Amino acid sequence: LVAALEEVEETYIMIKPDGVQRGLVGEIISRFEKKGFLLKGLKLFQCPKELAEEHYKDLKEKSFFPKLIDYITSGPVVCMAWEGVGVVASARKIIGATNPLQAEPGTIRGDLAVQTGRNVVHGSDSYDNGKREIVSGSKKVKCVHGFRLRHPGSG
Ligand code: RTP
């Protein structure tokens, strides 16, 4: 477990249309920056329906799936790749529970949202899904990767 926590990982974070429309982009980016993670790529992007369906393909059978696709495609999203030790699990903690009313105060959803269907941000739930989402982003969206930042203190 300790070894896993020390591994440098990447995760895919997406500010959803309500986050962009409500002017929360700076606030959300700031929370990841202040924690000490590295922003590796960023793009403002209008997600086409097909890519939204691919991104949420695991939820295809859910009754809320059509609404979810309408929501995600309702305006531009901000696609980002963030790098750091343990960033996948840590980002999920920073984001908070899926239902913002159950998310702890201090988390993004706990502080900034009230509805599950308007929960302002997405974070990959595993390292593998992060890779898949970043690759799908960079291939189809050209949203992330392609440059590296130096870690603080690496000289
Ligand atoms: P995300 O993928 O967006 O980071 O969210 P999550 O892992 O916390 O939650 P997940 O179960 O993967 O659901 C993805 C998104 O679907 C919407 N949702 N609506 N009952 C509902 O109406 C409902 N349940 C989920 C939310 O926008 C959720 O973030």
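Here are some notes:
- The criterion of being more than 11 Å from the ligand (Cβ to nearest atom), over 30 Å from GLU7 (Cα atoms) and among the small types (Gly, Ala, Ser) does not hold for SER90.
- Residue check, THR98 of a type in the set (S, T, N, Q) and in a strand (DSSP E or B): no
- Of the residues making up the range 1-55, those that are of a type in the set (D, E, K, R), assigned to a helix (DSSP H, G or I) and in contact (Cβ under 8 Å) with a residue 60 or more places away in the chain are ASP18, GLU27, ARG31, GLU54.
- Restricting the range 98-125 to residues that are near the ligand (Cβ under 10 Å from one of its atoms) and surrounded by fewer than 19 Cβ atoms within 10 Å (Cβ to Cβ), the residue that is farthest from the chain's Cα centre (by Cα) is GLN115.
- Filter result for ASP58 (over 13 Å from the mean Cα position of the chain (by Cα), assigned to a helix (DSSP H, G or I) and closer than 21 Å to SER126 by Cβ): yes
- Selection from the range 73-87 of residues that are surrounded by fewer than 21 Cβ atoms within 10 Å (Cβ to Cβ), in contact with a strand residue (DSSP E or B) (Cβ under 7 Å, 6 or more places away or on another chain) and among the β-branched types (Val, Ile, Thr): VAL85
- Cβ pairs under 6 Å, 6+ apart, first in the range 114-130 and more than 14 Å from MET80 (Cα to Cα), second basic (Lys, Arg) and within 6 Å of the ligand (Cβ to nearest atom): none
- Of all residues in the range 58-72, those satisfying the criterion of being free of Cβ contacts under 8 Å to residues at least 24 places away in the same chain and either within 23 Å of VAL87 (Cα to Cα) or crowded, with 17+ Cβ neighbours inside 10 Å (or both) are ASP58, ILE69.
- Residue within the range 88-97 that is in contact with a Phe, Trp or Tyr (Cβ under 6 Å, 6 or more places away or on another chain) and surrounded by fewer than 16 Cβ atoms within 10 Å (Cβ to Cβ) present: no
Here, each number is a calculation from the coordinates, and none is a lab measurement. Keep in mind the model is a prediction, meaning the values are calculated, not measured. Cβ coordinates were reconstructed from backbone atoms using ideal geometry, including for glycine residues, and neighbour counts include every protein chain displayed.
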